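Written out below as structure tokens is the structure these notes cover.
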């Protein structure tokens, strides 16, 4: 094995799993592209629900462990209040999510570029590289529209990103080259 190269075993089981994951990502991504406001709202409400659940679990830990101190109850209270705020004000929640997505798209873009370069000898590597470039462009577009258009930009950008992630996985399994 040459040093500096990434070795990936692409047996039929791995190929089938990647194909399934790719198809699921394409379907969810298309849903986000076609219904961006619905996707943005769904993401906002999902995050609100997760925060509330984390607050409830933290409250259970505080109840069973820290009943003598009030500082043990700060974290559960903050998580529940933040989750409820996002649930009741989803537009503000999507603006906050939008800011996080800008950071995500920047990191995802650079990571995909590096992974694409590491995959370079494999057929389909350019799809991963292209996915990284598109993620960087999405980050720049999102920066231009944040926070005023976050309600639909969140859903659209996540949809596009998931769609491209799915296409990149599918192309890795087939070994097709772009263009």
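What the table shows:
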quantity	calculated
Packing-based ranking, highest mean first, of 77-87, 10-20 given that Cβ atoms within 10 Å are counted	77-87, 10-20
Compactness index (Cα Rg / 2.2 N^0.38 Å), the chain	1.27
R0 of 35 Å, Cβ-Cβ distance residue 21-residue 143: FRET efficiency to nearest 0.05	0.75
Per-peptide average of other Cβ atoms within 10 Å, ordering 42-53, 110-121 highest first	42-53, 110-121
Angle in degrees between helix 125-145 and the longest Cα principal axis of the chain, rounded to the nearest 10	40 degrees
Extension gain from residue 136 to residue 70, taking 0.36 nm per residue of separation minus the Cα-Cα distance	19.3 nm
Residue 89 paired with residue 53, simple spin-label distance in nm, labels 7 Å along Cα-to-beta-carbon	2.5 nm
Compactness relative to 2.2 N^0.38 Å, alpha carbon Rg of the stretch 23-70	1.83
Using distinct alpha-carbon pairs, which all enter the 1/r mean, Kirkwood radius of the stretch 96-173 in Å	12.5 Å
Inter-site label distance for residue 11 and residue 103 at 7 Å from Cα along Cβ, in nm	3.9 nm
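Just so you know, all these numbers are worked out from the coordinates, no wet-lab data involved. Nothing here was measured: the structure is a model prediction, and the numbers come from that model. Note that each Cβ is placed from the backbone with ideal geometry, even for glycine, and that neighbours are counted across all protein chains shown.
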